[in-house]
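Reading through the structure tokens given below for one structure.
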Amino acid sequence: MLPSLSALRAFDAAARRGSFRAAAEHLSITPTAISHHIRGLEDTLGVKLFERTGRQVRLTEDGIRLAETTGQAFGMLNDTVRALRRTSRKVVRLAAGPIFTARWLMPRISDLWEQYPRIELEVVPHYRPRMGNHTQADIVISWERLADMPSSAIKLLELRPVAIASKGYIDQHGAIQAPEDLLTLPILHQRNHWGWLDWFAAMGVQPETPLRGAVFEDANVLFRGAAEGQGAIVGWLPLIEQDLRERRVVRLFEEDITPTHGYFVEAWEGNRTRRETQDVLDWLSSQNCALDAPGA
């Protein structure tokens, strides 16, 4: 006969958090209740699950074995319950980076609602979303170099790199006459150095030494640094057009570089069978077509 579900839940919470008090806060019960559940579970199983030293607790070998099983079991239960709730609520879960969500998706979100009012879109912010990771998303928007576009993906938006900085940055460092001038000035990077390396290559500059400067995952943080004069960055057209119009940043050159990066849409084949998921995919594709239209 299995122990009570409440006792197993209390054990799992304590095992995950390494503390009865933390488990109690997670389950909204008292630490005493957690302790009673654990002692009852130990009595039922006839084994010791935790070593107790003062207020500190540590899993025994038997506790570790049970924790592995309860972790998998409750994880499967949570996944199934979440899936059932999403199905009943017509929810579509979309994973995307914060810059895409803020600059591209948010200005269009009312159009999605007007076309598909029955769909609830849940946007999960992830810096490096890709299919197959822990996002558990129906649809993933990924940002990649065009040369690295996944074969299973649909291209949503091409991005052209331009060098940008604030007016204060230019006032501090003087007018920037040539691309190579930036090699000796503060520059900031997103995720890695490839953005600037691609930009320098397109401008005919080959850095003789490794590029320097802080690297950030969150593009919104990176952009704020540029707007506050902390460094020049590679901006991406058309995402920054409004910022340029409002003069939060300015272009350092009038470069016209072929698109190097892009946003791509991916979805598991199994997810496409849901009508709601396919509707959102169709809507995303229609937005891409709108961008390609004359005058867009």
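Taking the numbered list (1) within 30 Å of Phe223 (Cβ to Cβ); (2) surrounded by 17 or more Cβ atoms within 10 Å (Cβ to Cβ) in turn, Asp111 passes all entries but (2). If you go through the stretch 54-63 and keep only what is without any contact (Cβ under 8 Å) to a residue 40 or more places away in the chain and either in contact with a Lys or Arg (Cβ under 6 Å, 6 or more places away or on another chain) or surrounded by 12 or more Cβ atoms within 10 Å (Cβ to Cβ) (or both), you end up with Thr60, Asp62.
Find all pairs meeting these conditions: Cβ atoms under 6 angstrom apart; at least six residues apart or on different chains; first residue within the stretch 102-115 and under 18 Å from His126 (Cβ atoms); second residue surrounded by 11 or more Cβ atoms within 10 Å (Cβ to Cβ). Between residues of the stretch 102-115 that are under 18 Å from His126 (Cβ atoms) and residues that are surrounded by 11 or more Cβ atoms within 10 Å (Cβ to Cβ), the close pairs are Arg103/Leu239. Only one entry in Leu182, Leu197, Leu244 is of a type in the set (A, V, I, L, M, F, W, C), over 29 Å from Gln287 (Cβ atoms) and touching a strand residue (DSSP E or B) at 6+ places or on another chain (Cβ under 9 Å), namely Leu182.
For the stretch 248-287, a residue qualifies if it is touching a Lys or Arg at 6+ places or on another chain (Cβ under 7 Å), over 21 Å from Glu144 (Cα atoms), surrounded by fewer than 17 Cβ atoms within 10 Å (Cβ to Cβ) and not hydrophobic (A, V, I, L, M, F, W, C), and exactly one does: Gln278. Within the stretch 50-90, if we keep just the residues that are closer than 30 Å to Arg274 by Cα and polar (S, T, N, Q), the residue that is modelled with the highest pLDDT turns out to be Gln72.
Let's see how each residue does on (1) within 30 Å of Glu114 (Cα to Cα); (2) modelled with pLDDT under 85; (3) among the hydroxyl-bearing types (Ser, Thr, Tyr):
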residue: Arg212; (1), (2), (3): no, no, no
residue: Gly225; (1), (2), (3): no, no, no
residue: Leu237; (1), (2), (3): yes, no, no
residue: Leu244; (1), (2), (3): yes, no, no
residue: Arg248; (1), (2), (3): no, no, no
residue: Asp256; (1), (2), (3): no, no, no
residue: Glu266; (1), (2), (3): yes, no, no
residue: Thr277; (1), (2), (3): yes, no, yes
residue: Leu284; (1), (2), (3): yes, no, no
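Hey, any hits in the stretch 191-199 for a residue that's more than 18 Å from His261 (Cα to Cα) and at pLDDT 90 or above? No, the stretch 191-199 contains no residue that is more than 18 Å from His261 (Cα to Cα) and at pLDDT 90 or above.
All conditions but one from (1) buried (at least 18 other Cβ atoms within 10 Å of the Cβ); (2) within 21 Å of Val265 (Cβ to Cβ) apply to Ser151; the one that does not is (1). Scanning the stretch 156-179 for residues that are touching a residue at least 24 places away in the same chain (Cβ under 8 Å) and assigned to a helix (DSSP H, G or I), which turns out nearest to Glu255 (Cα to Cα)? Only one residue fits best here, namely Pro179. Could you list, in sequence order, the residues of the stretch 26-53 that are farther than 15 Å from Ile64 by Cα, under 38 Å from the mean Cα position of the chain (by Cα) and surrounded by 14 or more Cβ atoms within 10 Å (Cβ to Cβ)? If the condition is that a residue be farther than 15 Å from Ile64 by Cα, under 38 Å from the mean Cα position of the chain (by Cα) and surrounded by 14 or more Cβ atoms within 10 Å (Cβ to Cβ), then His26, Leu27, Ile29, Pro31, Ala33, Ile34, Ser35, His37 are the ones that fit. At least 1 residues being of a type in the set (A, V, I, L, M, F, W, C) and not assigned by TED's automatic domain parsing to the domain that holds Leu112 is the threshold, and among the helices (runs of 4 or more DSSP H) wholly inside the stretch 197-283 those reaching it are 219-227, 241-245. Counting only residues that are at pLDDT 70 or above and either of a type outside the set (Val, Ile, Thr) or outside the structural domain of Pro98 (by TED's automatic domain parsing) (or both), the stretch 123-140 holds 5 of them.
Answer yes or no as to whether Leu182 is crowded, with 18+ Cβ neighbours inside 10 Å, outside any strand (DSSP E or B) and within 20 Å of the chain's Cα centre (by Cα). Steps first, answer last, please.
Details: crowded, with 18+ Cβ neighbours inside 10 Å: yes; outside any strand (DSSP E or B): yes; within 20 Å of the chain's Cα centre (by Cα): no.
When the stated conditions are applied, Leu182 does not pass them.
Can you pull out every residue in the stretch 44-82 that is β-branched (Val, Ile, Thr) and either outside the structural domain of Ala10 (by TED's automatic domain parsing) or within 14 Å of Gly18 (Cα to Cα) (or both)?
Looking only at the stretch 44-82, we keep the residues that are β-branched (Val, Ile, Thr), and these are 44, 47, 53, 57, 60, 64, 69-70, 80-81.
Matches in the stretch 44-82: Thr53, Val57, Thr60, Ile64.
The values are calculated or read from the model by the stated rules, or taken from the named source; none is laboratory data. Please read these numbers as outputs of a predicted model, since none were measured by experiment. Note that each Cβ is placed from the backbone with ideal geometry, even for glycine, and that neighbours are counted across all protein chains shown.
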